[in-house]
Amino acid sequence: MSTFFFIVILIIVFIGIPIGAGWFIHWAIKSSGHPKAAKSITLIYGLIVLISGVFIYFEDEFFTKEDARFFVEEQGIELMDEFKVVHNESSSAIGDYYHTFTIEISGSDKRKAINEIKKSENFQSEKSSVDTLLYLSGNRYFGPKVTQNYETENAFIREFFEPSGQKGYAPTFRKIEISKSRNELTFKEINE
């Protein structure tokens, strides 16, 4: 029964409300004596809703190498050579967003990225105790930005945590893993 209720809510939110809003816009403008303007504005509104829906549904298909470069370099890892996007996936629900991608990088970029992580002030080797930033703070809404750099048995990792600064809004958690055995870099973003 709860699945049926959830589907009904989704239909109302993603189909009913936009159609209802379009109908109201058309009715309001037509009632004010502008039937041609009502058709034009309703058509423009419909196209905006349709394009937005297509973009949201096919978001992963629009992901480019430049997007990948931006997310990686935002975390202080610079990519100088060509790379290939091996995997990209994102999903979202009300209040949650997950995005992960894997890129195949050159040996030179891999060495530079590992050195960048290792030379970080707070770098910890795999023998050290490493806290998981996602669950580090009891207060996920306020506090400082935190970056953590460490090594595990299989990867070198840089994690970034930024509280939202507002109660009820998800903090930002980003994680970059550089594989020890392959020339691969995996990026994960979790906002929940």
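Some notes on this structure:
- Matching residues, the stretch 175-191, being under 17 Å from His87 (Cα atoms) and touching an Asp or Glu at 6+ places or on another chain (Cβ under 9 Å): Lys175, Ile176, Glu177, Ile178, Arg182, Asn183, Glu184, Leu185, Thr186, Phe187, Lys188, Ile190
- Only one of the numbered conditions (1) within 30 Å of Phe156 (Cβ to Cβ); (2) assigned to a helix (DSSP H, G or I); (3) β-branched (Val, Ile, Thr) is not met by Ile41, and that is (1).
- Restricting Gly46, Gly33 to residues that are part of a helix (DSSP H, G or I) and either of a type outside the set (A, V, I, L, M) or touching a Gly at 6+ places or on another chain (Cβ under 6 Å) (or both) narrows the list to Gly46.
- In the stretch 13-41, the residues that are among the small types (Gly, Ala, Ser) and either farther than 17 Å from Ser52 by Cα or surrounded by fewer than 12 Cβ atoms within 10 Å (Cβ to Cβ) (or both): Gly20, Ala28, Ser31, Ser32, Gly33, Ala37, Ala38, Ser40
- Any hit, the stretch 55-70, residues being aromatic (Phe, Trp, Tyr), within 11 Å of the chain's Cα centre (by Cα), modelled with pLDDT of 90 or more and outside any loop (DSSP other than H, G, I, E, B): no
The values are calculated or read from the model by the stated rules, or taken from the named source; none is laboratory data. Small disclaimer: the values here were computed from a predicted structure and weren't measured. Positions of Cβ are backbone-derived with ideal geometry, glycine not excepted, and every protein chain shown enters the neighbour counts.
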